[in-house]
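In what follows, a single structure is set out as structure tokens and then discussed.
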């Protein structure tokens, strides 16, 4: 077994379609739910190397996947910077008040020490993975800034003008986030991650004219840093629509992950050979087999003879049946 994702991204190989799923380790799997029942504190769970390893490998024990993605969370960075982070059932993440002095003065050694268990978890996974790819990941500066200032998911309440009113604060936080995102990436790579994905989950909430300031430029700095480590970097600026083309022209990731609102034909024509990942709407996995097959094959047909990694346009939903994931993997593997 070769590192299929790396081949697809670096060598632009098209003879094989690699497959993995965002949130493949998680809530839809009964074996994960068993662990979660006994471990109610989510942050503590993300800091338990043995359980991180077990959870990360659960989908690979069930399915013929080409990569593992480490079980963790983008909010481990605010946690490492000293902001209180907790996850409440049926509500999601709740963050404490910002203490700017504390965050700005966070020492790199202290940060690494606080997240050391994350890196130990990656080492444990790497030792068991053999030749498959191991994906490490981070949240993008804008998405992390948004959580840190909004103190909860913007699904419930979000006002860009409110977030944008203190530009001095935002710029100081963004600079700190860029530095510590790169540090978190370095430590994941040292521990064994050989691909990095950057999730800008809330990029779609930015006004178009603000995308360069909050999305493109901060991510560009991180992408350049990852490239300097000779590690492929995948970017996922979810929800930015036609701006995907500008994003790729500015940021120049090694691979771009598309969401389900992006027309796959359009993006293929406009990116001229840049490896593409994802696209399928996770909600389709809640429909019947025929519809799942039709939509899965749509992406496989459009990206035939193109460097493409099969994935969803966002994470696996908790309601999706494990057998559905199995069915999609079969469709991808059997596609000639």
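Could you tell me the calculated FRET efficiency between residue 99 and residue 287, based on Cβ-Cβ distance and R0 = 35 angstrom, to the nearest 0.05? Don't skip to the answer; put the middle values down first.
Values: r = 46 Å, r/R0 = 1.33.
According to the calculation, E is roughly 0.15.
What FRET efficiency comes out for residue 265 versus residue 14 if R0 is 25 angstrom and r is the Cβ-Cβ distance? Round to the nearest 0.05. Each step should come with its number before you reach the end.
Values: r = 17 Å, r/R0 = 0.67.
After rounding, the FRET efficiency stands at 0.90.
Run the simple label-point estimate for residue 208 and residue 229 please: 7 Å along Cα→C-beta, distance reported in nm.
With each label point 7 Å from Cα toward Cβ, the separation is 3.5 nm.
Measuring from label point to label point, each 7 Å out along Cα→Cβ, what is the residue 172 to residue 31 span in nm?
Taking the simple label geometry, residue 172 and residue 31 are separated by 4.7 nm.
I need the peptides 145-156, 107-118 ranked by packing, meaning the mean over residues of other C-beta atoms within 10 angstrom, with the highest value on top. All intermediate terms of the calculation are to be shown ahead of the outcome.
Working: 145-156: 17.7, 107-118: 15.1.
Highest mean packing first, the order is 145-156, 107-118.
Between residue 40 and residue 164, take the C-beta separation as r, use R0 = 25 Å, and let me know the FRET efficiency to the nearest 0.05. Numbers along the way, then the final one.
On the way: r = 36 Å, r/R0 = 1.43.
In this case the efficiency is close to 0.10.
Readers should treat all values here as calculations from the given coordinates under stated rules, not as data from a laboratory. None of these values were measured; they are calculated from a predicted model. For neighbour counting, all protein chains shown are included, and Cβ atoms are generated from backbone atoms with ideal geometry for every residue, glycine included.
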